[in-house]
1. Which condition from (1) in contact with an Asp or Glu (Cβ under 7 Å, 6 or more places away or on another chain); (2) closer than 28 Å to residue 153 by Cβ; (3) polar (S, T, N, Q) is the one that residue 36 breaks?
2. With the condition kept exactly as written, say whether any residue in the range 45-52 is exposed (fewer than 13 other Cβ atoms within 10 Å of the Cβ) and either small (Gly, Ala, Ser) or under 21 Å from residue 146 (Cβ atoms) (or both).
3. Which ranges mark the helices (runs of 4 or more DSSP H) fully within the range 92-197 that have 3 or more residues being surrounded by fewer than 18 Cβ atoms within 10 Å (Cβ to Cβ) and without any contact (Cβ under 8 Å) to a residue 12 or more places away in the chain?
4. Which condition from (1) over 17 Å from the mean Cα position of the chain (by Cα); (2) surrounded by fewer than 13 Cβ atoms within 10 Å (Cβ to Cβ); (3) assigned to a helix (DSSP H, G or I) is the one that residue 73 breaks?
5. Can residue 82 be described as open to solvent by 50 Å² or more (accessible area, probe 1.4 Å) and not hydrophobic (A, V, I, L, M, F, W, C)?
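The values are calculated or read from the model by the stated rules, or taken from the named source; none is laboratory data. Note that the structure is a prediction, hence the values are computed from the model and not measured. Note: ideal-geometry Cβ built from the backbone for every residue, glycine included; neighbour counts use all protein chains shown. These accessible areas exclude ligands, DNA and RNA; they are computed on the full protein's heavy atoms, side chains included. Shrake-Rupley method; radii C 1.70, N 1.55, O 1.52, S 1.80 Å.
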Amino acid sequence: MKENKITGYTYGTDEVARSPLSEQEFDLLKQTVLFTDEDVHYLRMAGEVFADQVEDVLDVWYGFVASHPHLVYYFSDRDGKPIPEYLTSVRARFGQWIRDTCAARYDRAWLDYQQEIALRHTRAKKNRTDRVESIADHIPLRYMIAFIYPITATIKPFLAKKGHAEEDVEKMHQAWFKSVVMQVALWSAPYARPGDF
């Protein structure tokens with residue numbers, strides 16, 4: 001793992017939480033979402049497509065969040081005002097998440113980092129990574145799940161910008177969709193009662 005200066009980005013380090021899933025359980029989850037080596041191939045292709053578009057993608061996503069006060073709330077202080085440094089730090093990690101989704105080996109290190117991301121949305125770790133005092137101590141699971149749609153639907157136009165065949169664009173998009181669904185499934189782990197995940 002190359003050195004990275006992004007605040008709070010701990011992928012591949014000893015600081016990362018351990019996923020509750022075994023390798024066998026993780027493999028079954030991949031099978032359930034129909035995630036294959038072909039999807040990994042198309043995610044690599046997507047990573048090349050996104051290489052110079054990450055900030056543009058983030059502009060769309062941040063615009064979406066900014067246009068919905070109930071979502072901006074989770075990045076706001078006790079007076080209800082957005083915390084700029086919080087939004088900036090999260091944005092940098094969100095950009096890296098795009099790159100990681102495309103470049104991941106989908107191995108134990110990646111799986112464990114999904115648990116870390118999950119915890120950072122819950123009462124266990126929200127606000128701590130960025131040392132902020134936001135008004136919210138967690139993000140409800142319903143928004144984590146609902147966010148699958150905008151994060152998937154808005155990405156396709158970016159995938160189509162480099163002149164790839166329509167079939168390749170669709171395969172990149174489906175691979176992205178599968179990965180996002182799988183990640184959100186993994187992010188739900190800390191929200192579940194012991195034994196229910």
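1. Evaluating residue 36 over (1) in contact with an Asp or Glu (Cβ under 7 Å, 6 or more places away or on another chain); (2) closer than 28 Å to residue 153 by Cβ; (3) polar (S, T, N, Q) leaves (1) as the failure.
2. yes
3. Answer list for the range 92-197: 166-187.
4. (2)
5. Spelling it out, residue 82 is indeed open to solvent by 50 Å² or more (accessible area, probe 1.4 Å) and not hydrophobic (A, V, I, L, M, F, W, C).
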